[in-house]
Amino acid sequence: SLLYLQEPSNKRVRPLARVTSLANLISPVRNGAVRRFGQTIQSFALRSDSKSPGCAQKSCSRSAAPTPPKRRNSVLWSEMLDVNMKESLSTKEIKRQEAIYEMSRGEQDLIEDLKLARKAYHDPMLKLSIMSEEELTHIFGDLDSYIPLHEDLLASLGEATKPDGTVEQIGPILVKWLPRLHAYKGYCSNQLAAKALLDQKKQDRRVQDFLQRCLESPFSRKLDLWSFLDIPRSRLVKYPLLLKEILRHTPKDHPDIQILEEAISIIQGVLSDINLKKGESECQYYIDKLEYLDEKQKDPRIESSKVLLCHGELKNKNGHKLYVFLFQDILVLTRPVTRNERQSYQVYRQPIPVQELLLEDLQDGDVKMGGSFRGAFGNSDKAKNIFRVRFQDPSSGQSHTLQANDVFHKQQWVNCIRTAVAPFQRTAAAAAELPELPELSEETEENNPSVPNVRAQRRQSGVTEMELDESAAECGSVLDSEETKGVKTHRTLAGHRKTREKQLSSKRKETLV
């Protein structure tokens with residue numbers, strides 16, 4: 001890509017040599033030169049062709065306009081065909097070729113953006129000492145190493161393209177190339193820390209000024225630096241969609257059918273691995289930023305966490321902002337604090353293990369807690385979007401009534417917490433039913449036809465404990481109603497089958513366990 005410079009109209013027009021870096025236009029000595037950066041440069045044009053430099057504004061062609069469009073011009077594959085070629089292809093084949101062309105064009109755009117991130121941002125900031133080399137390495141990662149990766153795919157697609165512009169088979173190329181995307185694990189895992197450092201550096205006036213000048217320049221297409229750094233991640237998630245689109249327009253008898261299905265499976269596996277690694281990295285990032293006021297707050301379940309289910313800002317009953325983390329095994333409430341330009345999270349109260357967590361979905365305006373709950377969030381408005389979390393055992397710690405910004409975020413929190421708690425609830429329910437298993441022996445159920453299959457009843461109709469007792473009574477079991485009031489008592493049947501008339505007249509028999 002070439003960068004061209006056009007002088008202000010009140011000066012003599014004089015074409016300049018090729019500009020390979022923005023740093024060549026800025027003096028590294030004074031900040032004033034950085035301020036003049038946006039004033040002296042009126043237009044930059046990114047070019048992928050080898051056309052000659054543009055002339056003065058009045059005589060420039062449309063393609064060399066001083067303010068290029070924010071987005072790249074997109075041309076459909078079918079628009080580049082001659083009439084005869086277009087008529088010889090079916091509509092389905094044209095759509096298939098357009099999907100393949102879209103993938104090829106996307107790779108070319110990605111390569112240009114990766115190169116631009118280096119030339120227009122990384123190198124100038126390093127040369128001007130706006131950021132240190134260590135900081136830039138932390139933010140940009142090994143972005144350069146991915147350029148050859150995508151150039152290889154672009155070259156392979158070019159070799160597979162026939163003189164008429166069509167591609168017969170793309171499946172084998174993709175199956176061979178897609179596993180190489182595992183290389184993005186490290187880059188994607190570092191994105192959270194890189195974004196945090198970039199946001200911190202933006203507080204520096206020189207960094208802020210430089211990035212603003214770049215944003216206002218046409219070459220940025222109105223995209224900020226982070227948009228360029230995030231382009232590889234956004235490209236990764238597009239691959240499954242692109243492959244499915246190609247597959248959708250591929251004839252059933254085409255040799256690419258099965259290979260494309262294999263390619264889709266490969267990219268989904270790659271993305272799953274990258275997401276897993278990124279999730280672990282994000283989880284560890286926040287764990288490292290936790291500060292404990294009391295040693296009792298430390299819990300091994302926090303340090304061993306590998307998955308962060310949900311996190312975000314909520315308000316407590318008093319209206320104070322809390323930052324809450326829901327790890328896979330424990331809920332941690334914190335207060336965000338900043339020390340020496342470093343943000344950390346001070347653990348608030350006692351963390352609640354998910355196994356001991358109880359969730360209450362409160363209605364708007366609920367005042368079950370002590371004191372005026374409504375007044376805590378507003379003078380006259382009812383408290384909305386609230387829920388409560390607490391220990392199942394009240395003696396273990398306090399309960400927390402929390403408010404989300406809106407009903408959507410509240411529902412997200414409630415759903416996440418319910419999902420986290422569900423496995424432990426099922427385990428507890430199974431443990432509660434465990435003592436009942438030996439009481440209903442196979443011998444009793446098989447030898448006594450009048451006794452229904454209790455476990456089958458529960459699976460099929462979900463009958464309650466009392467309904468089971470009543471059913472058993474009708475089938476010949478005798479219950480002591482006085483001893484079972486308010487208590488769930490498990491019973492077994494004794495004796496042989498008798499008729500209902502004999503049972504009513506005979507002495508009642510029962511066994512209580």
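Numbers below:
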{"read-out": "3J(HN,Hα) from dihedral phi, the range 180-194, Karplus parametrisation 6.51/-1.76/1.60, rounded to Hz, x for glycine, proline", "value": "5, 6, 4, 4, 7, 4, x, 5, 5, 5, 8, 4, 5, 5, 5"}
{"read-out": "Only Lys, Arg (+1) and Asp, Glu (-1) charged, at Cβ; the range 73-286 dipole about Cα centre in debye", "value": "500"}
{"read-out": "Value of Rg to Rh for the range 73-286 (Rh from inverse mean 1/r over Cα pairs, i.e. Kirkwood)", "value": "1.04"}
{"read-out": "Fully extended contour minus Cα-Cα distance, from Glu134 to Val75, at 0.36 nm per residue", "value": "17.2 nm"}
{"read-out": "Extension gain, Thr427 back to Ser90 (0.36 nm per residue minus Cα-Cα distance, nm)", "value": "115.5 nm"}
{"read-out": "Inter-label distance, nm, simple model (7 Å from Cα along the C-beta direction), Gln343/Gln200", "value": "1.1"}
{"read-out": "Distance in nm between pseudo-label sites at Lys222 and Asp209 (7 Å out along the Cβ direction from Cα)", "value": "2.7"}
{"read-out": "Extension gain from Phe408 to Gln108, taking 0.36 nm per residue of separation minus the Cα-Cα distance", "value": "104.1 nm"}
{"read-out": "Protection proxy ranking of 315-328, 190-203 - average other beta-carbon atoms within 10 Å, highest first", "value": "315-328, 190-203"}
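Each value in this text was obtained by applying a stated rule to the coordinates, not by laboratory testing. No experiment lies behind these values; they were computed from the predicted model shown. Here Cβ is always computed from backbone atoms with ideal geometry, including for glycine, and neighbour counts include all displayed protein chains.
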